[in-house]
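Colleague: Sharing a structure here in structure tokens format.
The values are calculated or read from the model by the stated rules, or taken from the named source; none is laboratory data. If you're wondering where the values come from, they're calculated on a predicted model, not measured in any experiment. All Cβ positions, glycine included, derive from the backbone under ideal geometry; neighbour counts span all protein chains shown. The area values use the complete protein model at the heavy-atom level, side chains included, leaving out ligands, DNA and RNA. Shrake-Rupley method; radii C 1.70, N 1.55, O 1.52, S 1.80 Å.
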Amino acid sequence: MLNQYETVFIATPVLSEAQMKEAVTKFNDFISQNGGEIVHQESWGLRKLAYPIQKKTTGFYHLFEFKAPGELIDKLETQYRRDERIIRFLTVKMDKHAVEYANKKRNKNVESKKVEG
């Protein structure tokens, strides 16, 4: 039985766009190669941090929504800790209501883009 999770990581702001893409690809591949299935992902770009972390006031935010066996989470978080590009991360298990809400929100965004386009 796969659970659904959402993980957000913050990468150091000194990365180039290529380095950031490389970090995203690394974690995307890690999830996929370890029994996970990416449901959705979003890059939130460079944002101001609520408080300085490692003397940085901004960071690149990226979100993954994925289905995976529970044992993948420890492995994923170990990968985050070992990667010097990652300054913070948070992974949460989504209950059925959170999954439903995320799907509705995504579908609403798709609809509004169709109308605008």
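Colleague: Check region 55-66 and report whether any residue there is outside any strand (DSSP E or B), more than 15 Å from the chain's Cα centre (by Cα) and not basic (Lys, Arg). Talk me through it step by step, then tell me what you get.
Modeller: At the first step, the residues of region 55-66 found to be outside any strand (DSSP E or B) are 55.
Applying the additional criterion that residues be more than 15 Å from the chain's Cα centre (by Cα) yields 55.
Subsequent filtering for residues that are not basic (Lys, Arg) retains none.
The answer is no, given that none of the residues of region 55-66 is outside any strand (DSSP E or B), more than 15 Å from the chain's Cα centre (by Cα) and not basic (Lys, Arg).
Colleague: Taking region 68-84 as the region of interest, how many residues are outside any helix (DSSP H, G or I) and farther than 11 Å from LEU2 by Cβ?
Modeller: Start the filter on region 68-84 by keeping residues that are outside any helix (DSSP H, G or I), which leaves 68-70, 83-84.
From what's left, farther than 11 Å from LEU2 by Cβ: 83-84.
Number of matching residues: 2.
Colleague: Residue by residue through region 89-105, note down the ones that are open to solvent by less than 100 Å² (accessible area, probe 1.4 Å) and of a type outside the set (Asp, Glu).
Modeller: Within region 89-105, PHE89, THR91, VAL92, MET94, ALA98, VAL99, ALA102, ASN103 meet the criteria.
Colleague: Here is a further query. Restricting to region 15-35, count the residues that are in a loop (DSSP other than H, G, I, E, B) and either open to solvent by less than 40 Å² (accessible area, probe 1.4 Å) or in contact with a Pro (Cβ under 8 Å, 6 or more places away or on another chain) (or both). First the steps, then the outcome.
Modeller: First, pick out the residues of region 15-35 that are in a loop (DSSP other than H, G, I, E, B): 15-16, 34-35.
With either open to solvent by less than 40 Å² (accessible area, probe 1.4 Å) or in contact with a Pro (Cβ under 8 Å, 6 or more places away or on another chain) (or both) added as a condition, the list becomes 15, 35.
Adding up the residues that qualify gives 2.
Colleague: Here's another thing I want to ask about it. What are the residue pairs meeting all of these: first residue in region 95-117, first residue within 19 Å of ALA68 (Cα to Cα) and at pLDDT 75 or above, second residue open to solvent by less than 100 Å² (accessible area, probe 1.4 Å) and acidic (Asp, Glu), Cβ atoms under 9 Å, and 6 or more apart or on different chains?
Modeller: Taking only residues 6 or more apart or on different chains, the pairs are ALA98/GLU6; VAL99/GLU65; ALA102/GLU6; ALA102/GLU65.
Colleague: Which of the residues that make up region 71-106 are more than 16 Å from the chain's Cα centre (by Cα) and charged (D, E, K, R)?
Modeller: Matches in region 71-106: GLU71, ARG82, GLU84, ASP95, LYS96, GLU100, LYS104, LYS105.
Colleague: If you don't mind, another one. What number of residues in region 41-54 are polar (S, T, N, Q) and either in a helix (DSSP H, G or I) or without any contact (Cβ under 8 Å) to a residue 24 or more places away in the chain (or both)?
Modeller: First, the residues of region 41-54 that are polar (S, T, N, Q): 41, 43, 54.
Subsequent filtering for residues that are either in a helix (DSSP H, G or I) or without any contact (Cβ under 8 Å) to a residue 24 or more places away in the chain (or both) retains 43.
Counting residues in region 41-54 that are polar (S, T, N, Q) and either in a helix (DSSP H, G or I) or without any contact (Cβ under 8 Å) to a residue 24 or more places away in the chain (or both) gives 1.
Colleague: Something else: Scanning for something free of Cβ contacts under 8 Å to residues at least 40 places away in the same chain and within 12 Å of ARG88 (Cα to Cα), does region 19-34 turn up at least one residue?
Modeller: No, region 19-34 contains no residue that is free of Cβ contacts under 8 Å to residues at least 40 places away in the same chain and within 12 Å of ARG88 (Cα to Cα).
Colleague: Moving on to the next point. Can you give me the number of residues within region 36-84 that are in contact with a helix residue (DSSP H, G or I) (Cβ under 8 Å, 6 or more places away or on another chain), open to solvent by 30 Å² or more (accessible area, probe 1.4 Å), of a type outside the set (A, V, I, L, M, F, W, C) and within 19 Å of VAL14 (Cα to Cα)?
Modeller: Counting residues in region 36-84 that are in contact with a helix residue (DSSP H, G or I) (Cβ under 8 Å, 6 or more places away or on another chain), open to solvent by 30 Å² or more (accessible area, probe 1.4 Å), of a type outside the set (A, V, I, L, M, F, W, C) and within 19 Å of VAL14 (Cα to Cα) gives 1.
Colleague: Let me ask something else. Does any residue in region 74-90 that is touching a residue at least 40 places away in the same chain (Cβ under 8 Å) come within less than 6 Å, Cβ to Cβ, of a residue that is polar (S, T, N, Q) and crowded, with 16+ Cβ neighbours inside 10 Å six or more places away or on a different chain, and which pairs are these?
Modeller: Qualifying pairs under 6 Å: ARG85/THR12; ILE87/THR12.
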